[in-house]
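The values are calculated or read from the model by the stated rules, or taken from the named source; none is laboratory data. Please read these numbers as outputs of a predicted model, since none were measured by experiment. Calculation scope for accessible area: heavy atoms of the full protein, side chains included, ligands and nucleic acids excluded. Shrake-Rupley method; radii C 1.70, N 1.55, O 1.52, S 1.80 Å.
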Amino acid sequence: MEQYVYLGCFLLGLIFAVASFFIGHDGFHGDHGVGTGGHAEAGFDHSGMPGMSVFSPTVIGSFITAFGACGMILSRFKSTENVFVSAPISLFGGFIIAAGVFSIYSAMFNRTQSSSESRVGSLVGRTATVITPIPPAGVGEIAYVQAGTRYTAPAREVSGAAIGNGQTVKIARISESQFFVSPV
């Protein structure tokens with residue numbers, strides 16, 4: 001009986017892996033209020049920062065597949081055919097494989113993607129141009145140039161005053177994704 005459970009886990013994980021390969025990134029489209037833009041590999045992390053979560057479908061799928069594979073292998077040997085022996089060892093094997101997958105993907109994400117946080121922090125004191133008027137105690141939009149690239153960002157006036165379109169402003173501080181500016 002336990003062989004069918006192991007086989008089911010193995011097949012479920014294998015089918016998930018194959019489906020993920022063919023569906024790829026397009027299977028998880030849409031921004032549903034999650035900071036990661038709905039990307040499944042980001043798991044439960046809502047910061048939108050690059051990285052891998054231990055709760056990502058890839059890690060969970062790896063665990064299920066490895067658990068099933070280890071269980072099928074262990075149930076073939078006389079000394080480990082008892083489910084009370086093979087199941088704990090299979091769980092351990094599943095965790096080891098999932099941890100390895102997590103480590104490999106995390107290393108790849110850390111090497112290939114970098115954070116723009118340090119660059120954003122260097123913007124304080126720089127000038128920008130208002131491209132959408134900032135209403136009193138409201139939010140408008142500014143444009144600034146960094147490293148030869150033009151960026152836009154939501155902005156508020158520090159004291160809550162209005163600032164018209166086209167005016168030059170100085171970036172006073174940045175809080176999360178909101179820029180606080182003052183007229184130059």
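I need to check one value: relative contact order of the stretch 59-184, counting alpha carbon pairs closer than 8 Å and at least 6 residues apart, in percent.
18 percent
Where the accessible area of the stretch 87-168 is counted over protein heavy atoms with a 1.4 Å probe, how much of it, in %, is carbon and sulfur?
Roughly 60 percent of what the probe reaches on the stretch 87-168 is carbon or sulfur.
With θ set to phi - 60° and the Karplus curve 6.51 cos²θ - 1.76 cosθ + 1.60, what are the ³J(HN,Hα) couplings of the stretch 155-160 in order, to the nearest whole Hz, using x for Gly and Pro?
Result, ordered by residue: 9, 10, 7, 3, 8, x Hz.
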